[in-house]
Structures are given as structure tokens and as C-alpha cells.
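Written below as C-alpha cells is the structure these notes are about.
The values are calculated or read from the model by the stated rules, or taken from the named source; none is laboratory data. Just so it is clear, the model here is predicted, and its values are computed rather than measured. Cβ placement follows ideal geometry from the backbone for every residue including glycine, while neighbour counts extend to all protein chains displayed. Please note that ligands, DNA and RNA were not included when accessible areas were found on the heavy atoms of the full protein model with its side chains. Shrake-Rupley method; radii C 1.70, N 1.55, O 1.52, S 1.80 Å.
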Protein chains: 4
Amino acid sequence: MVLGPVKLVFRSFQTRNASNVSFIGIGQMGSRMVKNLLKKGQEVKVFDVVPAAASSVPGARVCNSAAEAAKDADIVITMLPTGDDVKHTLTQKQGILEGIPKKSLFIDCSTIEPKMAQELHRISTENGVRYIDAPLSGGVTGAENGTLTFMVGGADGDLKEAEPVLNKMGAKVFKCGDIGAGQIAKLCNNLILGITMIGTCEAMNLGIKLGLDPKVLTNIVNVSTGRSWSSDTYNPVPGIMPNVPSSKGYEGGFSVPLIAKDLYLAQAAALSCGTPLLLGALAHQIYRTLILQGYGDKDFAVVYEYLKGQSKNQ
Amino acid sequence: MVLGPVKLVFRSFQTRNASNVSFIGIGQMGSRMVKNLLKKGQEVKVFDVVPAAASSVPGARVCNSAAEAAKDADIVITMLPTGDDVKHTLTQKQGILEGIPKKSLFIDCSTIEPKMAQELHRISTENGVRYIDAPLSGGVTGAENGTLTFMVGGADGDLKEAEPVLNKMGAKVFKCGDIGAGQIAKLCNNLILGITMIGTCEAMNLGIKLGLDPKVLTNIVNVSTGRSWSSDTYNPVPGIMPNVPSSKGYEGGFSVPLIAKDLYLAQAAALSCGTPLLLGALAHQIYRTLILQGYGDKDFAVVYEYLKGQSKNQ
Amino acid sequence: MVLGPVKLVFRSFQTRNASNVSFIGIGQMGSRMVKNLLKKGQEVKVFDVVPAAASSVPGARVCNSAAEAAKDADIVITMLPTGDDVKHTLTQKQGILEGIPKKSLFIDCSTIEPKMAQELHRISTENGVRYIDAPLSGGVTGAENGTLTFMVGGADGDLKEAEPVLNKMGAKVFKCGDIGAGQIAKLCNNLILGITMIGTCEAMNLGIKLGLDPKVLTNIVNVSTGRSWSSDTYNPVPGIMPNVPSSKGYEGGFSVPLIAKDLYLAQAAALSCGTPLLLGALAHQIYRTLILQGYGDKDFAVVYEYLKGQSKNQ
Amino acid sequence: MVLGPVKLVFRSFQTRNASNVSFIGIGQMGSRMVKNLLKKGQEVKVFDVVPAAASSVPGARVCNSAAEAAKDADIVITMLPTGDDVKHTLTQKQGILEGIPKKSLFIDCSTIEPKMAQELHRISTENGVRYIDAPLSGGVTGAENGTLTFMVGGADGDLKEAEPVLNKMGAKVFKCGDIGAGQIAKLCNNLILGITMIGTCEAMNLGIKLGLDPKVLTNIVNVSTGRSWSSDTYNPVPGIMPNVPSSKGYEGGFSVPLIAKDLYLAQAAALSCGTPLLLGALAHQIYRTLILQGYGDKDFAVVYEYLKGQSKNQ
């Protein structure tokens, strides 16, 4: 394959440590990402609004505020639920801006609106701080194993500086374009994912109800035009693949509310540029219906179980 | 069912010719399939309701009726637009049943309702004829190059007998299960395809409108969870891949009415077993809307152009 | 209102009885319709494939076959589940055609495909029998109270003859056009109904979750542009109106599988003329999803309860 | 809440004038609303960011800033495109808050997010100003004729004070509940409207393509369960009703971008409370698709023309 206009994938094997790295947001994802930083020899100062969370990673230096964590940092990383959380953590009293040195690099790994990424960039720049957006994919498993994929938007020099640190937590770093481009790429990818998964569930359910062997159908699809990650790597039908959530009661994996959140962000972004998302809008609603029907703590492939239904009568 | 995930694809290299093969339905697909049979040394008797079509393949022996073509045939193959066409060709006056010898094999390669396949099987059996359904994928290009994929339903012995002939026209033969299973597998695969293509178009369009480079986005998606045949083999955005319809004005390829037909058949099959197809139903309507908006002669990836829109203002 | 090209609504007050009326299909609807015929002084011969059903109406003369019921009849009425049932009852051994006198009138009140109505008309005509399609709305309550609405397609003379009999079972008779037009009108009306009901449920649910008083919201909608039969006559929120299914546990009324059937027939009709039904297709799938989620025996307004959800968490 | 189903509509015939009324936002709607205020003897000070707009209403006193207009006002009314516009006009330099006297009443007639209404209320209250939300329906025609419907949220005393002024511009005032309730009621109503209109267009198009006379079908629907404002007052098929946009080339009326905006606000509100809007989401996307297909300056009933299609082939 001929790669695009810029050299797309670049994995650095530099091992030089940024002298000071801070990490804010020590939840399911953040705690595992910090563990990998520590494992690779990178010292880390951490902060979380929940003190117990901040103290959960042995070896990390716990701080009492975002400002304290950001103090003297060369790089400050955030991993937070929403764009508003990031903005708040940046600008509030005792927030990042009160501690972070001029010219340091702020890397936001949260999944947020592309427009908010641009706003965070503006605020950072006005305060003499460099900013890149670096949302990731790979989930809790990827965070645990250090195999995350980062999709990064920002200036080339900043990406270069971020790369060694990101590579300690993940396996791939993609340069997507300017500020916000990382967020856009992630949303577009997850938009396809959310739709294709439901389509795969609908078709597998149909074939099985009509009497096909699920493994035979999967094998045909996987070498045909219906092939996708949803069928060949993360098949939603229990028992087809041994180590995916569908074969473990739809536990773990990528939860329904998380894909619903990404599809919402895609909708919001689509609104901002007048772009229709017909299947995207319906997929979004289907995931939200699932939450209301009690599937909110399951992996998103549980759409299959939902479509299979509870009763046999038509 | 005997076959499991591994033993699924079997390509025979037998070259023994069935002494007599007849082919009914000499259209865009049928004419190319017959050419490949002839090229591999298989003599073929042909019939089409349009005499000019029947005479279009040099070297084939043209007959004046389906009955005449079927006379003395070991294998009769049909490639027709609809299930009703096949039934009519089978049962009408001067139809296949009036010519075909007892115990011969009738292979229907048309894409039809699974239920109709079962009815054709019943009628054939009542008349002492063996029947299998063998719909195919690969389109005009696959027919031309002899690289079609056949999805076959029926008895093992019959499949074994069909295999050498199918292999002269295609590259893969899948055993899907009992009578009708070939049709079901094809519909399920194309259901995923029809949905995933629209999802890919929606996401590519969104990313591009938000400023991403289409090649960069494609490269990211193709190694991420949004990966599918629609993005990595048949990308709908002009200029990403050189030899796909999207890069040739959406000419050739898999036309919008054909995917619409398959999604309709999927709907009908879903109705018969009380299975919901939420995205499938909407995808079906989107393709039908495209036909009404004047895209009826384009490749189905033209959804991208449709979503891109005619005016810039929102 | 200025009425359309033909005099649309005509209610006859003629009381002359057709000497002989037969009724085939004595189910939930048929039994009540026969009772009203009897009540208005019309003698009726009845037949049902289930003998117990046929005997369930005191005063009707039970026959042992459709042919026997049709013998000597001036008018034969059918009220059956599907188009195939009607065709079978007409053409089978001991079917209507074996008994009905030439020139008698066959009135089919079943809801079936418009194309099937045309086929029944053709078969009837070939056998010297006159045919009209006269599907109805109003449900079990309308059948009980004799307030059904009939939508009739066929020749003017035949309609005129049918009218006095239909008026004994219903309150309104609409001439819709040629053969099949009654079916088409019914499907179009119920297509709007199925969509509008879901839209009303979505909006009522939204308003209530956001804190509005359901009665206040209903009152506003009912005098505004959101007004419809679904909100002002059959409100889906429990407690707004006293005597509708939503206020009685969604019992009785118009069941989910029945609206799903009508939306399916609308889809099939739309396919036949290449017309897209975007919301119609999705509405159809939503009702079918409800059946699978265990709402198959409830009134179709139960969509409100479904959307309200089982859990409170987002 | 005190109000029940009957006491809902209250139209005041008080004619006492608020001594000082100011109106900000003199566009298509605002200019007509001001004219009606003047016609009923109410003096008005006006402001618009476009000076030419502010000067367009003879008899109104033009001010140079929102602050100047608000000075000494008992009541300040805003009619602006978005919630952000209202907030800006309220809080900016030379904005309303710099001029409006303490305890005066701020009435926002714009259609905005319910949450923004609550924020505007908070800001107003913190500055000693009373606030109610009073979005309206009725469009340019209603503004012209003084027949608007206002849906009002806020404290009872404030509503009472607003009523005489609102009644000079409209025909109905609904109390919907607390702050934001006016916005919620409007969104819920327009959500039903947007869905029902498309459903009506789909069904009318289907019936007409199948051969029904559009007037006959309309007449049947309008006395049946498919009845709604979209069919009986604003029929989308040209030629059915003389004075609606569909009979005037879909000019005037309620433009596609405006219904798309309302459906977007409904989506955003639904997201905030985890409520699914399945048909609502799809309806939203359909209107946005129409904008892209070049229907952005037409009345929203133009969905009928879009579904009818450009080509006849299936």
C-alpha cells in the first residue's frame, strides 16, 4: 500500500526519558498507563480528584492538586472522561495552568469533541504551553499490555517530543494532522466500528435463525466482502472466538455507554459541518436503547444478544 | 453438518468433464461464465429467452427452448434475475423439466429467496431431478476472470458432482449447509456489506469535511477497529485506490439496484423468521432513495458522493 | 371541506336485505361482524376451518365448507388473516368457487397485499364472480359496536350493492378507487399511524423525562402542529385518557404484531413501485423488535413503555 | 403544578400597558412582532446588531445598544437565532445587563436548549433580573397576523406579568412549567411534527405511486387514525390545499433548516437525559440530507418532492 502524503506511522525506539512527566486522571485507563510508564523507567507524578484513585499506583508520586502535579513537568498528560473535565482541570484554581512551566507540553489523551481540542489548544497557547490531542484506542486490555494506538493531532515538533512517552504506553502512534485531527480520526474510526458491529450482529442473527451454522457463516464472511474487524477479530456470537467478550458473557471489552459516547461525539462533529450520518444516527440510538434495556455494563457486541430476543414467538 | 471452520474452503482440481452441461440465462454474467466453461474445454448447450443473447457466445450450442437445452444434460445451470424466473423456466411448457433426464443435477446460480430455493428443490425432487442452490459473488469482473465465489447448499454428493463445473467458472466453492443455505449465506454477507459500505462512506465524508486527509484517514482505519473490505479493498472515496469503481466515476462494479435487491431479499428472509434488521432496513431504503435520486446505474460506493452533497451551505 | 373528484363518503340508509349473505372466517373480528349482521335482521350462513369458531355465533347457520356456505349466496364475505388464506379459501376443493353462483358478489374484508387483491379479482372474474376489496379499520371495538370504517376498491355498481351490507357492520364506507385501492388506502393510513405513534411516544417520553407534566404536554401538542390521532384520541401515556389501552396496561386495542403486519405490507407495496419508506422501514423494525422483547401481546402504544426503559442509569 | 387539562389555555384581555417594553432582535420574526406591539398601542424601544434591521419598523424607537434599549425597561424581549446569541446579548459589554433595571422582566422568545434557558435564568437572577422562557410557534405568518402561540416556562407571577404583552403578539399563551419548560414543550411538539410530516409524505407518495387519487387518500386519512396536522392542515402534496407551501412551490412556510435545528435541539435534550429518539434521529438526518441535496430554502413539506424522486426507473 502506498502511504499518504505524510509518513503515517512512526514508532520511535528512542528511550531518552523526559525528565518530568505528570499524569492526571488515574481511572481504569490512566492507572494502567501510569504502570507502564513506571515499568519502562519513567518517573511519574500523579493526581486524581479521587485521592484513593491517585494512590492506587505503587511507585507513582501522588500530588494534592493538578497544579502541584504540573509543577516543573516537561510533559503533562490527561486522561479524563469529558472535554469539560479537561478544560476544568486545565483552567480551574489549582489547575494545570497554575503549575505547568512555560513551553512545557500538554498531551490530552481523553476522547473529546474536536472543537474542544481546538479550544484547549487556544487556551494553552495563550498561556505559553504547547498542546497536542492524542486520543487512543485499545481499551483496558491495550492499556494493561501497553499496546494502545494513539491518534495524534498537532505540530510536528510537539509530536516528536510526545512520541517516546506515548510509546511507553502504546504500540502505535499515528500522526493525523493539525490540532483536533487525532480526535476526528478516532471518531470516524469508531463511527464505522459502531455501525459495522450492529450490521454484523444483524446478519449473524439472521443467518443463525435461518439455520446456518454460525462458524460456517463466520468463515464465509471472513473471506468475503462482508469481512471486517467486527467479524474476524471480535465476533459478536458466543463461541466463535475463544477470547473475545461475546464468549465471556459480554463481560469486559468496550462497553455500550462508551461506544454510545463516541457516536454522540461523531454526531456533534457532523452537525458542526452539516454532514448527514444516517446509519450513524440510528446506530447511536440503538446503543442508547440498549442502555435503557439494561445492557449498560456489557460489551457493545451484546447487540447480538439483544437482537436475538427474549421470546421465540413472532 | 460435517464441515467445520477449517475444512470449509475446498477447491477441486479435478478436470474430468461432465459429458453434457447446459446453461440457461445468457446475460452479463451468464455469457462470461459460459465463456470460461468453453475455455476450460467444457462443451455447453445454451438457451436464453432473448435469441440474440443466446447466440452471443461463440462456440456454445444454441437451443430453441429450455427443454431442448436440458435434453440429455448431466448438469443444467441457470443464472436468472429472480426466483420466479427460475421457477417459470423450470416448470413452464418447453421448460427444463420437459427435457432434463431423471437423476440429472440442476444447479441454480441465481440469487433468490431461500424459501424459493426450497420450493425449487421440492419441485425438482418430485420430478426425479437433483437440485442445489449455488449463488455466487464476484460480479461481472469475477465472471470474466473466472474468480467467482460460489456459496452452495444441498446434499454432499450433489455438491461433489457440481464442484468441477463450478471450479471452471470460479475460484472458491463454499459448502454452506442444506438446500437454501447458499442463498442464506450470500444474503447475510451482502447485508453486512451493504451496511458497512454506507457506514464507511458516512465516516470518510465526516472526516474529510472536518479537514482530514482521506488517505491518512483510510490508512488509520485500515489498521484499526473500523477496518473492513469496504475500506481496505473497495474504498468509496475517489483517488484512494486506483482500480476500484470510486476512482473511475463509480462506473462498473456492483450497482445500486443489485445491492438494493439483496437487501430486499434479506428483509424478506428476516420477516419469515421474525428477526429485526434495524440498520439493514435503513440501508435498504438509502439505496432505494439513491435510485430515485438518479444514481441507479452507479456502483454502490456512490453513497459517498450522495452524502457529500450538491451544495456547500448548511 | 371540498371533497375530491368522486363523492367520497357515502353512507347508505337503505335497509333492503340481500336475500342471501355468507360469511367465512369467524374469528375475533368475524364473529362480531356476523353478530351485527344478525342484529340488523340479516340472515347469515357461516363457515370457519375451526368448527368451534363457526358455531360461536348464535343465530348464524353453520356450514361444513366454504362451498356449502357460498351456495345460493348473493354476497359472500371473507375476513381472513392473509392473502394466501383468502386465495386458498376461494380456489381450493370445497372452496368458495365451487359453491358461489355466477354473478354473485365476493367481498373480501381481509387486509392483504394490493397485488393479491388484483389476483383475487382476476380469478373471480374468470369464474364469473364479481369481486371488491373492502378492508376495514376500527379493530375489535369497532367490530363489536358496528362502527367499523370500510375502505373499498372496485366497480361502482358493485360498491353500491355492497354498501347496505357493509353499513350493517360499520359506520363509514369510503370508495377508494379501482380493485386493490381499498387495500392501498388502508396501508397508507396505517403507515402514517405506525410512524406517528412512535414519534408521539418518543416526544412524550422526552418531555416527561425532562420534567414536563404529561397532561400539560398533551394539551399543548393537541392544539399545536404536533397534533394527531395518536395524541388526541389514543394517547400512549398511561393516565392521560381514561379509556384507551395505555391506561389499561396496554391490554386490548391494536396489537404490536398487527401494526407490524400492516407496515410489512406497506413495505412490500413500496417495493413493487420503487418507493422509499425511510421512517416506515424503521418503524416496522421497531415494532418487530418489540415483539422479540416480549411485547407481542400488547397494544402498539406500548412503544412508550419500551422507550421509557427498565433502568434509570444512562 | 396547578394547571390541568381544561384550564390550560388562558388568554388575557387585560389591556394595561407595561410602561416600557424593549425588543432585541429585529429579524423576519422580530420585526413583525414589534409591528403588532405598536399596532396595539404599546411603545417599543428596539435594538439589532444590524442597524438597518433595527430601523426597519416605523414607529419603534431605535437604540444603539442592547444596554441602551434595556435602560428603564419594565420588560425586555429577545428574539434571536441561538442560545449563545441570547447569552452574549445579555452579558456582553453594552449588553442587556448593563442597562436593565433591577426587578425588571426578561422574556426570551428564541428557541434554544432547555439547559441554556436555565443558565440564562441563573445569570438573570444573580443580577437581580426576573427571567422566563417563551418560545413560540406559528412562523412568519403567525408573527404577521399576531396569531403566535407562546409556550412559557417560569414563575407564575412573572407569567402573569408577561401575558398582556405576549397577547399583543399572539393568540395563545401556554404555561408549561418551570424555567426551560417552554423550550421543552416546543421541542417535543416539533419533534412529533418533524416525524409525522415525513411519515405523511412517505404514505402519500406510496399511495399516489400505487394509483390512488391524492385527494381521495387525504380525505380518508383525515377522518382515520392517520389524521394529523400534517395531513389535515398542511398537506405536503401540491394541489390538495390551496394556501399551504406545498401548493406554492414549497415557498415560505417552515424551512428545512429550521425543523432540522429543532430536531437537533431535541436530540441534544434527549442526550442529556439518556432518552432514545429512534425515529427522531432518523428524521433529523433526513432533513439534513435534504439541505445537502439543495432543498435548504424550501418548506419542510418538500420531503414529499424529495421522496417522489427525479427518475422513474426502479
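For peptide C:145-154, compute the average count of partner chain beta-carbon atoms within 10 Å of each residue's beta-carbon.
So the per-residue partner count for this stretch is 1.
Let's see if you can work this out: charge +1 on each Lys and Arg Cβ, -1 on each Asp and Glu Cβ, no other charges. What is the dipole magnitude of the protein assembly as shown about its Cα centre, in debye to the nearest 20?
Computed about the Cα centre, the dipole is about 0 debye.
I need the inter-copy label distances for C:T91: point set 7 Å along Cα to C-beta, values in nm with one decimal, smallest first.
Distances between equivalent label points, in nm: 1.0, 7.4, 7.4.
A:K248 label points, 7 Å along Cα→Cβ, one per copy: pairwise distances from this copy to the rest in nm, shortest first?
A:K248 label point versus its equivalents elsewhere: 4.6, 5.1, 6.5 nm.
Step through the residues of segment B:88-102 one at a time and calculate ³J(HN,Hα) from phi using the Karplus curve (6.51 cos²θ - 1.76 cosθ + 1.60, θ = phi - 60°), rounding each to whole Hz and writing x for Gly and Pro.
Residue by residue, segment B:88-102 yields 4, 5, 6, 9, 5, 4, 6, x, 4, 4, 6, x, 5, x, 4 Hz.
Note down the net charge around C:K71, summing +1 for each Lys or Arg and -1 for each Asp or Glu among other residues with Cβ under 11 Å from its Cβ.
Here the count lands on -2.
Put +1 on the Cβ of each Lys and Arg and -1 on the Cβ of each Asp and Glu in segment D:21-178; which of D:Q92, D:S55, D:Y131 then has its Cα farthest toward the positive end of the dipole?
So the residue furthest toward the plus end is D:S55.
Check C:S104: other-chain or 5+ apart residues with amide H under 5 Å from its amide H, H built from backbone geometry?
Amide H to amide H, under 5 Å and 5 or more residues apart or across chains, C:S104 pairs with C:R130.
Using alpha carbons only, how many angstrom separate the centre of segment A:26-83 from the centre of segment D:118-151?
Rounded to whole Å, the Cα centres lie 47 Å apart.
What angle do you read, to the nearest 10 degrees and between 0 and 90, between the alpha-carbon axis of helix D:278-290 and the longest principal axis of chain D?
90 degrees
Expressed as a rounded percentage, what relative contact order does segment A:8-127 have, with Cα pairs under 8 Å and six or more residues apart?
24 percent
In the neighborhood of A:A143, defined by Cβ-to-Cβ distances under 13 Å, what is the net charge if each Lys or Arg adds +1 and each Asp or Glu adds -1?
After counting each charged neighbour, the total is +3.
To the nearest 10 degrees, how steep is helix B:256-272 against the longest Cα principal axis of chain B, on a 0 to 90 scale?
70 degrees
If DNA, RNA and ligands are ignored and the probe is 1.4 Å, what is the ranking of D:R61, A:R288 by accessible area, most exposed first?
Largest accessible area first, the list is D:R61, A:R288.
Across the Cα atoms of chain C, what radius of gyration and what greatest pairwise Cα-Cα distance (Dmax) are found, in Å?
Every Cα atom of chain C included, Rg and Dmax give 20.7, 67 Å.
Taking each residue in B:295-302, count the Cβ atoms of any other chain within 10 Å of its Cβ, then average. What number comes out?
1
How large is ³J(HN,Hα) for each residue in segment C:159-176, as worked out from phi by the Karplus curve 6.51 cos²θ - 1.76 cosθ + 1.60 (θ = phi - 60°), to whole Hz, x for Gly and Pro?
These are the phi-based 3J(HN,Hα) values: 4, 4, 6, 6, 3, x, 6, 4, 5, 6, 10, x, 9, 9, 10, 9, 7, 9 Hz.
Considering every residue in A:259-268, what mean count of other chain Cβ atoms within 10 Å of its Cβ is obtained?
2
Give the ranking of B:C63, C:C273 by solvent-accessible surface, highest area first, calculated with a 1.4 Å probe.
C:C273, B:C63
Taking amide H atoms as placed 1.01 Å from N in the peptide plane, list the residues 5 or more away in sequence, or in a different chain, whose amide H sits under 5 Å from that of A:V44.
For A:V44, the qualifying residues are A:R61.
Among A:P114, A:P164, A:P242, which one moves the most in a GNM of chain A with springs linking Cα atoms closer than 10 Å?
Fluctuation is largest for A:P242.
Let me know the charge dipole size of segment D:185-308 about its Cα centre in debye, to the nearest 20, where only the beta-carbon of Lys, Arg (+1) and Asp, Glu (-1) is charged.
80 debye
Within the set B:K93/B:K172; B:K308/D:K87; A:K40/A:K71; B:K209/C:K209, which residue pairs have Cα atoms separated by over 25 Å?
Over 25 Å apart, Cα to Cα: B:K93/B:K172; B:K308/D:K87; B:K209/C:K209.
Given the rotation that superposes chain D on chain A, what residue of D brings its beta carbon nearest the axis, and what is the distance in Å?
Result for the axis mapping D onto A: D:A281, 2.
Check A:V173: other-chain or 5+ apart residues with amide H under 5 Å from its amide H, H built from backbone geometry?
Those lying under 5 Å, H to H, from A:V173 are A:F10, A:F150.
Percent relative contact order of chain C, based on C-alpha pairs within less than 8 angstrom and at least six residues apart?
13 percent
Can you grab the distance from the C-alpha centre of segment D:246-314 to the C-alpha centre of segment B:166-210, Å, no decimals?
Cα centres, segment D:246-314 to segment B:166-210: 31 Å.
Please give the helix D:114-126 orientation as an angle from the longest Cα principal axis of chain D, in degrees from 0 to 90, rounded to the nearest 10.
0 degrees
With Cβ to Cβ distances under 13 Å as the rule, what net charge do the other residues near A:R130 carry (K, R +1; D, E -1)?
-3
Probe radius 1.4 Å, ligands and nucleic acids left out: which of C:I24, C:I208 has the largest accessible area, and how do the rest follow?
From most exposed to least exposed: C:I208, C:I24.
Note the distances from B:K39 to each other copy's matching label point, with points 7 Å along the Cα-to-beta-carbon direction, in nm, sorted shortest first.
Here the equivalent label points are 5.4, 7.5, 7.9 nm apart from this one.
Hey, what's segment A:163-314 come to in accessible area per residue, 1.4 Å probe, Å²?
In whole numbers, segment A:163-314 has 25 Å² accessible per residue.
With θ taken as phi - 60° and the coefficients 6.51, -1.76 and 1.60, list the Karplus ³J(HN,Hα) couplings across segment B:65-79 in order, rounded to whole Hz; mark glycine and proline as x.
Whole-Hz 3J(HN,Hα) from phi for segment B:65-79: 7, 4, 4, 5, 5, 6, 4, 6, 6, 7, 9, 10, 10, 10, 9.
Tell me the relative contact order for segment B:183-241 as a rounded percent, counting alpha carbon contacts under 8 Å between residues six or more apart.
34 percent
To the nearest 20 Debye, how big is the dipole of segment C:21-178 about its Cα centre, given +1 on the beta carbon of each Lys and Arg and -1 on that of each Asp and Glu?
Dipole size: approximately 380 debye.
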